[in-house]
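A.B. asks: One structure, pasted below without further comment.
What follows is calculated from the coordinates using simple rules that are stated; it is not laboratory data. In this text the structure is predicted, and so the values were computed from the model without any measurement. As a convention, Cβ positions derive from the backbone with ideal geometry for all residues, glycine included, and neighbour counts pool all protein chains shown.
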Amino acid sequence: MKTRPIAPNDFELILNLDRQVYPTNKPVTKGTLSNWYKKNPEFGMIFKEEDKITGVGIVIPMNKLGWAKLTKGEISETELNETTLFDKDKDKEIYLHVYHIEKLTDIKNFHKIFLKELKKIIPKKITINGFSGLCVTPQGKNIFENKFKCKEEEYRCTEYVKETDKGKEVVSEGKEKERCKMLILYPEKESIVWKYLKATSNDNPKENILRPSEEFEGPSVKGYDFNQGVDFEKILDSYATMGAQATNLGRAIEIIKEIRKEKAFIYLGYTSNMVSSGLREIFRYLVQHKMVDLIVTTAGGIEEDFIKCFNDFKIGDFNLSGTELRDKGLNRTGNMIVPNNRYTTFEDWVLPILEKYKDEKLTPSKLINLLGKEIDNEESIYYWAYKNKIPVFAPALLDGSLGDMIYFYKTKNPNFKIEITEDMVDMNNSSLGKEKTAMIILGSGIIKHHICNANLYRNGADYAVYINTAQEFDASDSGATPDEAVSWGKISQNAKSVKVHGDATIIFPLIVAKCFSE
């Protein structure tokens, strides 16, 4: 948004805006405006975006005599002239009277933008010794009294703006709320006005360092006091006021508690590395006890659950040599090691199952359900999903070892098919008709978007908790914050949401301990 000085072709707009709120019998005229801004047109601030006027901030700069007479009611705004207006060639101090301030489009914090721009046009080494406004509308009085902290002093205006059948009229009697007020601010009073208008320049270090501040409303930053002993419940509670990502974790806990209280339909999404890790046992717990309603994961998030039913993964190190591991038939996932024989065992198990169900109409979700049935192992996430009828979707089911197995099988059985469109219908329909939906998404990529997109069909989820380490600066959906999803309609505009930036293997067990343990 840019600002330019008032020009004669702006006069009619300003007068029309003023007449709408203050239809006095002694109105300001084009001649009056011309007189005010003959020497100082910059104080008639016109705010613009491209060619559109978005707001006006019409300020009358006065000298000490003019401000004293105006604020005491001895003269009106229309009577200000060369003897009472500010002259930058001879005056060392300035008094600012706001004639009209109004935003013409939806601009947030326009009063702050107005003050910031007003500061720019005040000549250097000129002292500002007064700020005032004749306020005639409830909105104007609210800005001047509550935001600018101006007060009515000894002069009490006796004009009232009253709504009548003919519209607004200025009368001499009325209700107190209809009375016009000359609201004044002196330099010694604390106000946001002085924060902006008396903002210091680079040549005054002391004032720059000791700049006045506003008080901020919010909880105090405070951590856990270990003098109380070790109480893990209270330690987790303290995260809410710890600051940084601990506070985001505290917010996630708060949201998920509400999700469960409101019995929202819970979408749980996680990437394959989560199942590679010990989070697999936590997911199994949630599915076993029917604490989530629908799962979205990747191919690795499916196959590694089944592989672990036959043999375990090992803890290694992030810095192990890839070349040496390759020679030994060892695969590294972060600091976890998966020997190749885990996959050959998986192949021996899965290929007969594909053969068994080759004539059925398979979708990714149905195949996962059948694998959960066939594994018949209570350590498996998908055994419990099968048993508890919790749908599991994997839109990229072929992108992993399971895809390799299907590839090998299909080369010998070319008529074998997996149909994906039915899953798309079921996934998108899953959000319809639900009173409330919630998304808990660990990691990002396809699982994140798949869940969010399904909730677009109901105009957005009511709750969202993201836990990932992806950044937003590359414009990827992986790094996008919940607020970006609001813009797409995937999260409701009234939703409660948070993104916790961090490693889900650290964060999610704490959330489950606080929100899902029974």
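A.B. asks: So what is the relative contact order of the range 2-209, in percent, for Cα pairs below 8 Å that sit 6 or more residues apart?
C.D. replies: 19
A.B. asks: Let me ask you something else. Diagonalise the Cα gyration tensor of the range 46-97 and give the resulting equivalent ellipsoid semi-axes, square root of 5 times each eigenvalue, largest first, whole Å.
C.D. replies: After scaling each eigenvalue by five and taking roots: 26, 14, 8 Å.
A.B. asks: Could you work out the mean projected area of the convex hull around the alpha carbons of the range 91-178, in square nanometres to one decimal?
C.D. replies: 7.8
A.B. asks: For the chain, what is the charge dipole size about the Cα centre, in debye to the nearest 20, if Lys and Arg each add +1 at the Cβ and Asp and Glu each add -1 at the Cβ?
C.D. replies: 1340
A.B. asks: Scan the range 270-300 for trypsin sites (Lys or Arg not before Pro) in coil per DSSP, keeping those whose Cβ has at most 15 other Cβ atoms within 10 Å, and list them by number.
C.D. replies: 290
A.B. asks: Normalise the Debye intensity by I(0) for the range 239-515, one equal point scatterer per Cα, no solvent, then take log10 at q = 0.14 Å⁻¹ and round to two decimals.
C.D. replies: Taken in order of the listed q values, log10 I(q)/I(0) reads -1.02.
A.B. asks: Considering the Cα trace of the range 471-518, what is its radius of gyration and what is Dmax, both in angstroms?
C.D. replies: 13.4, 41
A.B. asks: Could you tell me the center-to-center distance, by alpha carbons, between the range 483-518 and the range 367-394 in angstrom?
C.D. replies: Measuring centre to centre over Cα atoms gives 25 Å.
A.B. asks: Shifting gears a bit: Give, rounded to the nearest 20 debye, the magnitude of the charge dipole that the range 239-515 has about its Cα centre when Lys and Arg contribute +1 at Cβ and Asp and Glu contribute -1 at Cβ.
C.D. replies: So the dipole magnitude of the range 239-515 works out to roughly 620 debye.
A.B. asks: If you find the alpha carbon centre of the range 132-200 and of the range 208-263, how far apart are they in angstrom?
C.D. replies: Here the answer is 40 Å between Cα centres.
A.B. asks: A further question follows. Between the range 22-39 and the range 265-344, what's the alpha-carbon centroid distance in Å?
C.D. replies: The range 22-39 and the range 265-344 have Cα centres spaced 76 Å from each other.
A.B. asks: Something else about it: Percentage of Cα-Cα pair distances in the range 20-112 greater than 17 Å, rounded to whole percent?
C.D. replies: More than 17 Å apart: 55 percent of the Cα pairs in the range 20-112.
A.B. asks: Further, regarding this structure: Would you mind giving the three semi-axes, in whole Å and largest first, of the ellipsoid equivalent to the chain according to its Cα gyration tensor?
C.D. replies: Listed largest to smallest, the semi-axes of the chain are 68, 25, 22 Å.
A.B. asks: Another one. Can you give the translational diffusion coefficient of the range 2-209 in µm²/s, computed by Stokes-Einstein from the Kirkwood radius over Cα pairs at 20 °C and 1.002 mPa s?
C.D. replies: Translational D for this selection: 121 µm²/s.
A.B. asks: Based on a Kirkwood Rh over C-alpha pairs, give the Stokes-Einstein translational diffusion coefficient of the range 334-408 at 4 °C and viscosity 1.567 mPa s in µm²/s.
C.D. replies: 97
A.B. asks: Okay, next question. Exactly which chymotrypsin sites (Phe, Trp or Tyr not before Pro) in the range 464-511 are in a DSSP loop and have at most 11 other Cβ atoms within 10 Å?
C.D. replies: 473
A.B. asks: Then there's this: How large is the convex hull of the C-alpha atoms of the range 365-484 per residue, in Å³?
C.D. replies: Value for the range 365-484: 144 Å³ per residue.
A.B. asks: If I take every Cα pair under 8 Å that is 6 or more residues apart in the chain, average their sequence separation and divide by the length, what percent do I get for the relative contact order?
C.D. replies: Rounded, it is 11 percent for the chain.
A.B. asks: Something else: Helix-derived [θ] at 222 nm for the chain: sum -39500 (n - 2.57) over DSSP H runs of at least 4, divide by residue count, nearest 500?
C.D. replies: Computed mean residue ellipticity for the chain: -11000 deg cm²/dmol.
A.B. asks: Moving on. In the structure displayed, which of 26/168; 112/147; 119/181; 434/496; 436/490 lie more than 19 Å apart, Cα to Cα?
C.D. replies: 119/181
A.B. asks: For a Förster distance of 60 Å, can you work out the FRET efficiency between the beta-carbons of residue 357 and residue 226, rounded to the nearest 0.05?
C.D. replies: 0.60
A.B. asks: Continuing with the same structure: Would you mind telling me the antiparallel percentage of the DSSP bridges in the chain, rounded to 5?
C.D. replies: 55
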